Amino acid sequence: MGTAGQKALLFDLDGTLLLSDSLHYEVFAEMFAERDMTLTPAIYENRIHGHHNLDSFPKLFPGEDPQALSDDKEARFRARLSGGTPPMPGAVALLDRADAEGWRLAVVTNAPRENGEHMLKAIGLRDRFELLVIGDECARAKPDPEPYLAAMRHLGVRAQDCIAFEDSPSGMRAAARCGAFPVGIRSGLTEDRLREAGAKATLADYEDPALPGVLARLRGD
């Protein structure tokens, strides 16, 4: 059980702390083209976005080694990030607010650890988070809530004292089931899709005027 009174913000990474979907899409489109296939937005949203590589690749490219495909895809993605990229609008100010309030901070992602570290460094925020939880290093990855529960155990916080920010259906289901207050970031999905997956509030980004109302849940206002 966590300590009463200690608060935390828990963030997914892709599409939540940085706008990375266009980069992932470019890589998948490149891989499709190399196989004389065409990636469409519908295929990306329904069969790739928010799905684990090792679940997606056997269906996308049957007969090929899914682990090798995943390693190749993630290396291409990291290469596109190597020059750095800005974080989600308002993210730095939100982290500053969390520090001022004494709220704990963690990233909870299904990305491979190498990618997670690379993305956080690319947006200049690696040192802001005390904890990076990787789905594959947990007993179960998202959409299971276990990665979020693991973060809470490590931080020593109660679910009711946490806000979890997500952008994909899979991640949103994990956030909704872990007991934290689940907030959807509309970087790739509509409010309806995020709420259908379990979001109790949604934001365009961290400059959204609805953010103070969300954070008031931690302050007890």
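Tabulated data for the structure shown
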quantity: Helices (runs of 4 or more DSSP H) within segment 57-141 that include 1 or more residues under 14 Å from the mean Cα position of the chain (by Cα) and surrounded by 15 or more Cβ atoms within 10 Å (Cβ to Cβ); calculated: 91-101, 113-122
quantity: Segment 21-41 residues that are in contact (Cβ under 8 Å) with a residue 60 or more places away in the chain, paired with ones that are outside any helix (DSSP H, G or I) and not acidic (Asp, Glu) (beta carbon under 6 Å, 6 or more apart); calculated: ASP21/GLY15; ASP21/GLY188
quantity: Selection count where residues are crowded, with 17+ Cβ neighbours inside 10 Å and either out of contact with any helix residue (DSSP H, G or I) (no Cβ under 8 Å at 6 or more places or on another chain) or within 18 Å of TYR148 (Cα to Cα) (or both), scope segment 180-193; calculated: 6
quantity: Some residue of segment 157-164 being crowded, with 24+ Cβ neighbours inside 10 Å and within 16 Å of the chain's Cα centre (by Cα); calculated: yes
quantity: Candidate set from segment 1-50 (those that are in a strand (DSSP E or B) and either of a type in the set (Gly, Ala, Ser) or open to solvent by 20 Å² or more (accessible area, probe 1.4 Å) (or both)); member that is farthest from PRO169 (Cα to Cα); calculated: ALA8
quantity: Residue among LEU120, LEU81 that alone is in contact (Cβ under 8 Å) with a residue 40 or more places away in the chain and in contact with a His (Cβ under 7 Å, 6 or more places away or on another chain); calculated: LEU81
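The values are calculated or read from the model by the stated rules, or taken from the named source; none is laboratory data. On a predicted model such as this, the values are computed, not experimentally measured, just so you know. Please note: Cβ atoms are built from the backbone with ideal geometry, for glycine as well, and neighbour counts cover all protein chains shown. In case anyone asks, the SASA skips ligands and DNA or RNA and just uses the protein heavy atoms, side chains included. Shrake-Rupley method; radii C 1.70, N 1.55, O 1.52, S 1.80 Å.
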